[in-house]
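Asker: Take this structure, written in structure tokens, and hold onto it; I'll ask about it next.
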2 protein chains.
Amino acid sequence: MMKARVFVTLKPAVLDPQGKAIQNALNGLGFDEAQSVRQGKVIDIELSGDDNSAVQSSVTEMCEKLLANTVIEDYRIEIL
Amino acid sequence: MMKARVFVTLKPAVLDPQGKAIQNALNGLGFDEAQSVRQGKVIDIELSGDDNSAVQSSVTEMCEKLLANTVIEDYRIEIL
């Protein structure tokens, strides 16, 4: 059993209204130090198998096919 | 200017229907090795100020007040 963690974030050039909403809420609560907020997803996957490189390539394929919309999102994989 | 990254994840005892939906979709695509999936949020914040411990305590307060629902969610803060 192995664990992988996938970070999916909007590409820097893509507007992030959800992050902007969080920033406005923080500023409204008095956290004026919050200058910019971006929100992304983190997906933790438990996988059967013990082969590090096989898991890495399998998770990469998952990202390309399902987890990330590569038109507007970047992804990063950590094998834990 | 400092950057903080906040991870917000459901507590382990809380059901995660969104993660389960991702797992089902992965299994349906033929990724039978995906045994369990949990989804969380990652929030990147740019903050004014240079004092590491002040930023840490400020972001902790943001988490308690807005970013996490501490009844069902855990949060973890990284100062980058």
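Asker: Which residue out of A:GLU46, A:GLU33 is closer than 17 Å to B:THR9 by Cα and either of a type outside the set (A, V, I, L, M, F, W, C) or touching a Phe, Trp or Tyr at 6+ places or on another chain (Cβ under 9 Å) (or both)?
Answerer: Going through A:GLU46, A:GLU33 in turn, the sole match is A:GLU46.
Asker: Take the residues of region B:25-34 that are more than 7 Å from chain A (Cβ to nearest Cβ) and part of a loop (DSSP other than H, G, I, E, B): which is least open to solvent (accessible area, probe 1.4 Å)?
Answerer: Residue satisfying both the conditions and the ranking: B:GLY30.
So that you can scan it fast, the table gives a plain yes or no per residue for (1) crowded, with 16+ Cβ neighbours inside 10 Å; (2) touching an Asp or Glu at 6+ places or on another chain (Cβ under 7 Å):
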position: B:SER36; (1), (2): no, yes
position: B:VAL42; (1), (2): yes, no
position: B:ILE45; (1), (2): yes, no
position: B:ASP50; (1), (2): no, no
position: B:VAL55; (1), (2): yes, no
position: B:VAL59; (1), (2): yes, no
position: B:MET62; (1), (2): yes, no
position: B:LEU67; (1), (2): yes, no
position: B:GLU73; (1), (2): yes, no
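Asker: Which residue is most open to solvent (accessible area, probe 1.4 Å), if the candidates are limited to region B:6-19 and must be facing chain A (nearest Cβ under 10 Å) and either in a loop (DSSP other than H, G, I, E, B) or small (Gly, Ala, Ser) (or both)?
Answerer: Ranking the candidates gives B:ASP16 first.
Asker: Check off (1) under 14 Å from A:ALA34 (Cα atoms); (2) within 17 Å of the chain's Cα centre (by Cα) for B:LEU10 and give me the number that stays unchecked.
Answerer: Going through the list (1) under 14 Å from A:ALA34 (Cα atoms); (2) within 17 Å of the chain's Cα centre (by Cα), B:LEU10 breaks only (1).
Asker: For B:ILE22, are the conditions met, namely being surrounded by 12 or more Cβ atoms within 10 Å (Cβ to Cβ) and either in a strand (DSSP E or B) or not hydrophobic (A, V, I, L, M, F, W, C) (or both)?
Answerer: In short, no.
The values are calculated or read from the model by the stated rules, or taken from the named source; none is laboratory data. Bear in mind the structure is a predicted one, so any value in this text is a computation, not a measurement. Don't worry about glycine lacking a Cβ; one is built from the backbone with ideal geometry, like all the others, and counts go over all protein chains shown. Remember, those area values only see protein heavy atoms, side chains included, never the ligands or the DNA or RNA. Shrake-Rupley method; radii C 1.70, N 1.55, O 1.52, S 1.80 Å.
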